[in-house]
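Asks: Below are the structure tokens for one structure; questions will follow.
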Amino acid sequence: MIATDWPELLADAWGKEPALLPASAPADTAQLHRTIVTSCEPFRAGTVLWALPQVRLHTPLGWLGAPGRLLPDVADSSPAVYRARLRSESPGSGTDGGFLLSVRQPLHIDFALWSAVRDTLTELWRHVGWPCLPVEAELTEADDFTRLRGLAAASEHAVLTWVLDGTLETELHEADGELRVLRATAGELVYLPEGSRWREHHLDGCMTLRISIPRAPRFATGAVRNLLAECLEHDGTVPCLPYPPPADGVATPVVALGEAVRAAAEGAQLPAALRTRWAAWCSSAGLEPVPDPRADIALTPGHRLRVAHAIVRLPDGPGRWIWAVNGHTFPIGGAAGERIAEQLWPGRELTLGELCRAVGADEHNEAVNALLRRLYRFRGIDLAGSERTDG
């Protein structure tokens, strides 16, 4: 068994039983540590609420609301250096009995990392099926720490955990009362299906990358509810009714909102929004948030371009399509869009002028130029050869 076989091997256990497999991680410890350091920078000044990435430093005394200097910075050149500093600077903080640094949803701050994880998940989804909802990523650095997450209640997620360094011991509490232990070291992957109960021991400077895939029906309900709320138009504030309230007990503003919800659910806007979100999820393999677009660029007919990523296209009515690349979506209409899409297969190199001529357009066509610039901003295409730029 070799690490590259894991998606096919995991398919046999998917949704049935836990598994421990050799599996190459999508990135190395150095790249993930740099992402952790970048994620922690805003939190070194204090607690940051309602923001992603989300950083938590867990200790035997609980998680610290404002860990400050106890979080890694650029001087901590590796996980080992960070652990050594934390041990020397943490008297009274609780970390002298072990720690776990958790960074949720950090991948979008580094496109290369995000793309590598997306490509790895795409290989797995081809074997086990495509998730209908976004997945959640988490990076951890820990030492001598036991986390009980997943023990109190059966998990509503399927969980993939790559171990990049150290040792991760997962205690599985089976329905029949049996206790099973999966011991994973660097280069191995732990899979836990939905419904599992477990606790984890992070040992020997353990570092992990975790992906949680939502499986409970309530997550789908919540996704539709949120999109439905986005479809509603409401200006101003919810008014208060006169006192005493109406004798019939009917709160007119709420009833009006209920009617608006019914109309939105029966209209075309909600299905269109769901199609757009699905196109985005397909192009991101479910990884959200997605990296921000990069800076725009001026293109000339002589610029040589390389198609870097496949473009997902979904029909959206007669002559209309939703295009998605790297989690970003936009509408395209007309036959010209079809002709352009036929020319943009991954890995192809051509100049803007060559593309225009291939689709029967003038090489200075502004619409084609604007489309290619948008694809460049979303990293669907790159400049090729000596014209390449960073980002």
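The values are calculated or read from the model by the stated rules, or taken from the named source; none is laboratory data. Here the structure is a predicted model, which means the values were calculated and not measured. Because the Cβ atoms are built from the backbone with ideal geometry, glycine has one as well, and the counts that use them run over all protein chains shown. Side chains included, ligands, DNA and RNA excluded: accessible areas come from the protein's heavy atoms. Shrake-Rupley method; radii C 1.70, N 1.55, O 1.52, S 1.80 Å.
Asks: Considering ILE332, ILE322, which residue is in contact with a strand residue (DSSP E or B) (Cβ under 7 Å, 6 or more places away or on another chain), at pLDDT below 95 and surrounded by 19 or more Cβ atoms within 10 Å (Cβ to Cβ)? If you could, list the steps in order and put the result at the bottom.
Replies: Working: ILE322 fails: at pLDDT below 95.
Exactly one of ILE332, ILE322 is in contact with a strand residue (DSSP E or B) (Cβ under 7 Å, 6 or more places away or on another chain), at pLDDT below 95 and surrounded by 19 or more Cβ atoms within 10 Å (Cβ to Cβ), namely ILE332.
Asks: Could you identify the single residue in ARG294, ARG275 that is within 30 Å of GLU138 (Cα to Cα), basic (Lys, Arg) and at pLDDT below 95?
Replies: ARG275
Asks: Looking for something assigned to a helix (DSSP H, G or I) and either open to solvent by less than 50 Å² (accessible area, probe 1.4 Å) or within 18 Å of ALA112 (Cα to Cα) (or both) - is there at least one such residue anywhere in the range 293-311? Step through it out loud before you land on a result.
Replies: Step one: list which residues in the range 293-311 are assigned to a helix (DSSP H, G or I), which gives none.
Checked against the condition, which is being assigned to a helix (DSSP H, G or I) and either open to solvent by less than 50 Å² (accessible area, probe 1.4 Å) or within 18 Å of ALA112 (Cα to Cα) (or both), the range 293-311 yields no hits at all.
Asks: Of the residues that make up the range 118-139, is at least one in contact with a Phe, Trp or Tyr (Cβ under 8 Å, 6 or more places away or on another chain), part of a loop (DSSP other than H, G, I, E, B) and buried (at least 21 other Cβ atoms within 10 Å of the Cβ)?
Replies: Yes, the range 118-139 contains a residue that is in contact with a Phe, Trp or Tyr (Cβ under 8 Å, 6 or more places away or on another chain), part of a loop (DSSP other than H, G, I, E, B) and buried (at least 21 other Cβ atoms within 10 Å of the Cβ).
Asks: So which residues in the range 21-51 are at pLDDT 90 or above, open to solvent by 20 Å² or more (accessible area, probe 1.4 Å) and outside any strand (DSSP E or B), if there are any at all?
Replies: If the condition is that a residue be at pLDDT 90 or above, open to solvent by 20 Å² or more (accessible area, probe 1.4 Å) and outside any strand (DSSP E or B), then SER24, ALA25, PRO26, ASP28, THR29, ALA30, GLN31, ARG34, THR38, GLU41, PRO42 are the ones that fit.
Asks: Right, VAL224: over 30 Å from ALA186 (Cβ atoms), open to solvent by 30 Å² or more (accessible area, probe 1.4 Å), in a loop (DSSP other than H, G, I, E, B) and in contact (Cβ under 8 Å) with a residue 12 or more places away in the chain or not?
Replies: Details: over 30 Å from ALA186 (Cβ atoms): yes; open to solvent by 30 Å² or more (accessible area, probe 1.4 Å): yes; in a loop (DSSP other than H, G, I, E, B): no; in contact (Cβ under 8 Å) with a residue 12 or more places away in the chain: yes.
Against the criterion (over 30 Å from ALA186 (Cβ atoms), open to solvent by 30 Å² or more (accessible area, probe 1.4 Å), in a loop (DSSP other than H, G, I, E, B) and in contact (Cβ under 8 Å) with a residue 12 or more places away in the chain), VAL224 does not qualify.
Asks: Sticking with this structure for a sec: Filter the range 338-360 for residues that are closer than 17 Å to ARG313 by Cβ, surrounded by fewer than 19 Cβ atoms within 10 Å (Cβ to Cβ) and without any contact (Cβ under 8 Å) to a residue 40 or more places away in the chain and give the result.
Replies: Correct list: GLU338, ARG339, ALA341, GLU342, GLN343, TRP345, PRO346, VAL359.
Asks: For the range 176-193, does any single residue satisfy the condition of being open to solvent by less than 20 Å² (accessible area, probe 1.4 Å), more than 19 Å from THR120 (Cα to Cα) and of a type in the set (Ser, Thr, Tyr)?
Replies: No, that holds for no residue.
Asks: Find the residue count for the range 120-150, including only residues that are among the acidic types (Asp, Glu) and more than 12 Å from the chain's Cα centre (by Cα).
Replies: The qualifying residues number 4.
Asks: May I pose another question? Can you pull out every residue in the range 1-31 that is among the polar types (S, T, N, Q) and farther than 18 Å from THR167 by Cα?
Replies: Residues satisfying the conditions are THR4, GLN31.
Asks: Okay, next question. Go through (1) open to solvent by 30 Å² or more (accessible area, probe 1.4 Å); (2) out of contact with any Phe, Trp or Tyr (no Cβ under 9 Å at 6 or more places or on another chain) one by one and return the number of the condition ARG149 breaks.
Replies: Just one mismatch for ARG149, condition (2).
Asks: Could you run through the range 268-289 and say how many residues are open to solvent by 30 Å² or more (accessible area, probe 1.4 Å) and not in a helix (DSSP H, G or I)?
Replies: Selection size over the range 268-289: 3.
Asks: Among the residues of the range 52-67, write down those that are open to solvent by less than 40 Å² (accessible area, probe 1.4 Å), small (Gly, Ala, Ser) and in contact with a Ser or Thr (Cβ under 9 Å, 6 or more places away or on another chain). Can you show your working first?
Replies: At the first step, the residues of the range 52-67 found to be open to solvent by less than 40 Å² (accessible area, probe 1.4 Å) are 53, 55, 57, 59, 62, 65, 67.
Pick out the ones that are also small (Gly, Ala, Ser) and you get 62, 65.
Across the range 52-67, the qualifying residue is only GLY65.
Asks: Could you tell me which numbered condition LEU10 fails, if it satisfies all but one of (1) touching a helix residue (DSSP H, G or I) at 6+ places or on another chain (Cβ under 8 Å); (2) open to solvent by 10 Å² or more (accessible area, probe 1.4 Å)?
Replies: Every condition holds for LEU10 apart from (2).
Asks: Provide a single number: the residues in the range 319-371 that are in contact with a Leu (Cβ under 9 Å, 6 or more places away or on another chain), among the acidic types (Asp, Glu) and within 18 Å of ASP296 (Cβ to Cβ).
Replies: 0
Asks: Step by step: first the residues of the range 55-85, then only those that are touching a residue at least 24 places away in the same chain (Cβ under 8 Å) and in a helix (DSSP H, G or I), then the one that is nearest to LEU164 (Cα to Cα). Which residue is that?
Replies: PRO79
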